[in-house]
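> Got a structure for you, written out below as structure tokens; questions coming shortly.
The values are calculated or read from the model by the stated rules, or taken from the named source; none is laboratory data. Remember, it's a predicted structure, so these values are computed and weren't measured experimentally. Quick reminder, even Gly has a Cβ in these numbers, built from the backbone with ideal geometry, and neighbours come from all protein chains shown.
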Ligand SMILES: C[S@@+](CC[C@H](N)C(=O)[O-])C[C@H]1O[C@@H](n2cnc3c(N)ncnc32)[C@H](O)[C@@H]1O
């Protein structure tokens, strides 16, 4: 086949190619919920990122803490699929990602008190009041994170929106299951990993507000 025929064949294949069905391709959380006790050995240090987007944080975190087991949940199935593929190519077998809504995936995750760290990176794209229910951070997430974190476990939130950072710190300070680390704000990210939004904010010289809270006995 000469080059012209090959190009024509490529064009025909492209034109007849089915649209990519990320709903079908994206890894889904197990039916009935993810049982961390079943999936990981007892001594495993488990970390969770909620809303990982394009996944840079998970990939850099896997390099920074290669012995830890990382779980990610992302509602955009396209990104869940792509990040899963990227982790496979990089042979990061300690990263497991799921395409799904954390509002349904988290309540089904068990057992309580099994996770060492939860990361919520730049959870605030929604500004308008009517979008409030689409925000990642809220009462429901706090309840689930409180349930899943072990005592002393870390809850790390980053944002480039100052008012939101203040609101998150207030929510955590008011919640009996959390204790802010110091005054709650960190001047650096201690986890050796940047999210895509964080990397962009650093490159653009934007301020980043970081909050660390620990699971308290309450
Ligand atoms: C502003 S982006 C930040 C992405 C990434 N964490 C970063 O810092 O680059 C918020 C992410 O949360 C995801 N998200 C929003 N609602 C979600 C939900 N209910 N469950 C899981 N992920 C969600 C979005 O699809 C998006 O990828």
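> Would you check which residues across the stretch 46-64 are surrounded by 24 or more Cβ atoms within 10 Å (Cβ to Cβ), part of a helix (DSSP H, G or I) and more than 7 Å from the ligand (Cβ to nearest atom) and list them?
58, 61
> Where residues in the stretch 28-40 are buried (at least 16 other Cβ atoms within 10 Å of the Cβ) and modelled with pLDDT of 95 or more, which of them is farthest from the ligand (Cβ to nearest atom)?
Just the residues of the stretch 28-40 that are buried (at least 16 other Cβ atoms within 10 Å of the Cβ), to begin with: 29, 34, 36, 40.
When the remaining residues are screened for being modelled with pLDDT of 95 or more, the result is 34, 36, 40.
Details: 34: 14, 36: 18, 40: 21 Å.
Within the stretch 28-40, the match that is farthest from the ligand (Cβ to nearest atom) is 40.
> Here is a list: 24, 43, 91. Which entry is without any contact (Cβ under 8 Å) to a residue 40 or more places away in the chain, more than 10 Å from the ligand (Cβ to nearest atom), assigned to a loop (DSSP other than H, G, I, E, B) and more than 25 Å from residue 198 (Cα to Cα)?
Of 24, 43, 91, the one residue that is without any contact (Cβ under 8 Å) to a residue 40 or more places away in the chain, more than 10 Å from the ligand (Cβ to nearest atom), assigned to a loop (DSSP other than H, G, I, E, B) and more than 25 Å from residue 198 (Cα to Cα) is 43.
> Pull out all pairs, ordered by first then second residue, where Cβ-Cβ is under 7 Å, the residues are six or more apart or on different chains, the first lies in the stretch 163-177 and is farther than 18 Å from residue 124 by Cβ, and the second is in a loop (DSSP other than H, G, I, E, B) and modelled with pLDDT of 95 or more.
Matching pairs, first to second residue: 177/216.
> Any residue at all in the stretch 200-218 that's modelled with pLDDT under 95 and touching a strand residue (DSSP E or B) at 6+ places or on another chain (Cβ under 7 Å)?
Within the stretch 200-218 (the criterion being modelled with pLDDT under 95 and touching a strand residue (DSSP E or B) at 6+ places or on another chain (Cβ under 7 Å)), the answer is yes, since at least one residue qualifies.
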